[in-house]
Structures are given as C-alpha cells and as structure tokens.
Amino acid sequence: MPTITEYLQITRPVPFVNVELSCDNGLYLDPHALRLSTMPEPFRRQAVTAIDTFLNEVVSCLLSASRNDHARGLALLQQFVEPWETRLGMAAAGFRGHGGASDVGRWIWGAFQSDLRPLVRVGMMRQLEGLPLFIEGIDRDRTSDITTRLAFDALIQFTADVVANFDEFTTGAGQIGKFRRQIWDIDQLEWSIREVELPLANGEPVVLVPKGWARPTLLMSADRFYGTSVLSFAQLERATIRGGKLVTTPKRVLRTDSTLARGRATNLAVTQRALRADEDLVATFKSLVDSRWTESVISKAA
C-alpha cells in the first residue's frame, strides 16, 4: 500500500509522518510527545494550548456547583468523532470500535466524578496524558483520537503549510478538496464547525501529522507508570531499616502481590495513598519521562 510520498511521488525529505494511505498505521498521536517536542512552531504551541484549554474547561465544569456546568462538561467530552483523516491508530480499537464517542465521554466524566475526583481537586489531572494512567478503556488508541481531535485545528494549519511548500499536493495525482470539520475553538472554549481545505488521496481527505508527534506507544502509559512510580512508592511503603540501611522489596516480588497487581486499579490506589502522604506520583512520573526523553534527544544528537 502506498505511503503519502509514494502516492504523490515526493522524493524530497518531508516534515510529516509518512503513513500508508489505505490503512491505519499502528502509530498514535501522543499528547506528551507533542508537549515535549520543540517543533514545528507555531503548530506545536497551538496544539498544546488546545489540549490544555479543553481539559481545564472540563475540570472547571466538574468542580462547579452548577448542574448546567456538569451537563456542559459531559457534553464537551462526548464530541470526539474519530479523526480518521490522519490514518493513525487502529479503527477496531478507536471510536469506530467498541465504545463510541458518547460512551468514552461518559467513562472519563464518570471517573472524574468518582475515583479521580481527589486527584482532580488538587490539580493532578490537568493534562490529557494523565487519563490513560487511571481510566479503563483509555489507552493509546483513544488517547490518540482525543488528542488528534483537540489538536485538529493546528494539524489542519500544519497541513496547509506543507501543501504550500510541496507542489506535489496540487499537481499530478495531488488534489485539494473543501470539507466541514469539527474543531476545538480555544478562544470560545467550544466545539465549532469550520470549512477547511485538505489534500486528497484516492478522493479521501488527508491530515498530516508532524514528525515526532506520533509513536507506537504512549510516553505516559499505564504500564510504564505502574512499573516505575507506582512500584517505587510501594517499595518505600514496605521498606525497613536494617543495620542503618534502607532495605526495599524487589519490584519483581511486589508484582506477585495480589494487592499490587498490574493495572489501573492499582495505579489509582497507590497514587491515592501517596497523595495522603503528600506525594504526587503523577508529577514524579512526568519528571522521569521528561528526563529520559531529554537523554534520548541528547543521545541522538551526539
């Protein structure tokens, strides 16, 4: 199956993820990779702003005493129509699979209203990448879909910038079409419909994704959180002093404990215990992820 560059016969290096056009591509738009990326601007900054303003608005609705605000918060979360134009993710696991946009919105809102409310209240859930750490059903596929939909305006503008710099999108097999698409309006803090121009491939619209924004796994995944910050805190909980030295239980042993079984329920339980001890495991995890990202960038540049 042809990639974008093969279909358009582009031979130059390109600044976008060169996906295959006729299938989903096993890559996922990662909100934290987007946040840590340094380019391309101004599109990266616009995307981060869109993601953060959306979640902040939902949280504000949640913490409000108004029932109307609660209804608005839930309604905002139920507008994630699958952004198939990017060809990212897996359709069977996204909004076209089990659990449509309405269901996914209820899952997130329900978690915010119940188990995650203490974390929301103290500001630990103000970034989108925190959702897959705790909410069942929100993994790399749906996180990618949500991120893409929120960043859609920035992606459309990035696509227009690429089209303007690559004649292949408007000559030969390249064509441009007009479409009406949903975007998150960062000024009005509302979903709106806008007419946009997008390149076509086999008659279908394509939205381009900058290199570095999509990955096969999430930087902040539930499994990675469990294996690092969660089990590290559990080690400290059970640590003893012997001969003046701190002795901890190996993580491989902790993993066999049924009360510390791998999963989001354990992630949440241990994070809540840490919060009561004035420890923010989400912030600790982000610091770890960010430092390893920086080390990787430096290593690649060397």
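Values quoted throughout were computed directly from the atomic coordinates according to the rules given, and no laboratory measurement underlies them. Since we're looking at a predicted model, the values are computed, not measured. FYI the Cβ positions are ideal-geometry reconstructions off the backbone, even for glycines, and counts take in every protein chain you see.
What dipole magnitude, in Debye to the nearest 20, does the chain give about its Cα centre under +1 on Lys/Arg Cβ and -1 on Asp/Glu Cβ?
1320
Which shape class applies to region 115-160: rounded if a/c is under 1.5, otherwise prolate when a/b exceeds b/c and oblate if not, where a ≥ b ≥ c are the square roots of the Cα gyration tensor eigenvalues?
The shape class here is oblate.
Can you give me the angle between helix 140-150 and the longest principal axis of the chain, using Cα atoms only, in degrees from 0 to 90, rounded to the nearest 10?
60
When the helix-only estimate is applied to the chain (DSSP H runs of n ≥ 4, each -39,500 (n - 2.57), divided by the residue count), what is the mean residue ellipticity at 222 nm, nearest 500 deg cm²/dmol?
Counting only the DSSP helices, I get -13500 deg cm²/dmol.
Mind pulling up the Rg/Rh value for region 74-191? Radius of gyration and Kirkwood radius, both on Cα.
Ratio of gyration radius to Kirkwood radius: 1.05.
For the chain, what is the Kirkwood estimate of the hydrodynamic radius, computed as the reciprocal of the mean inverse distance between distinct Cα atoms, to one decimal in Å?
The Cα-based Kirkwood calculation yields 20.8 Å.
Scan around G177 for amide H atoms under 5 Å from its own, H built in the peptide plane at 1.01 Å from N, and keep only partners 5 or more places away or cross-chain.
Hits under the 5 Å cutoff: L198, L200.
Can you give the net charge of the other residues whose Cβ lies under 15 Å from the Cβ of E197, counting K and R as +1 and D and E as -1?
In short, -1.
Using amide H atoms built 1.01 Å from N in the peptide plane, name the residues 5+ places from K211, or on other chains, whose amide H lies under 5 Å from its own.
F16, V17
Taking a ≥ b ≥ c as the square roots of the eigenvalues of the Cα gyration tensor of region 262-302, is the shape rounded (a/c under 1.5), prolate (a/b larger than b/c) or oblate?
It comes out oblate by the Cα gyration axes.
Among residues other than A277 whose Cβ falls under 14 Å from its Cβ, what is the net charge (Lys/Arg +1, Asp/Glu -1)?
-1
For region 18-133, what is the convex hull volume of the alpha-carbon atoms per residue, in Å³?
Convex hull of Cα atoms, per residue: 118 Å³.
Taking just the C-alpha trace of region 222-301, give me its Rg and Dmax in Å.
14.3, 45
Expressed as an acute angle from 0 to 90° and rounded to the nearest 10, what is the orientation of the C-alpha long axis of helix 152-165 relative to the principal long axis of the chain?
40
Please pull out the direction-averaged projected area of region 166-302, using the convex hull of its alpha-carbon atoms, in nm² to one decimal place.
Approximately 15.5 nm², given one-decimal rounding.
Give the aspartates and glutamates reachable from K211 as a straight Cα distance under 15 Å; neighbours fewer than 8 places away on the same chain don't count.
E20, D30, E41, D161
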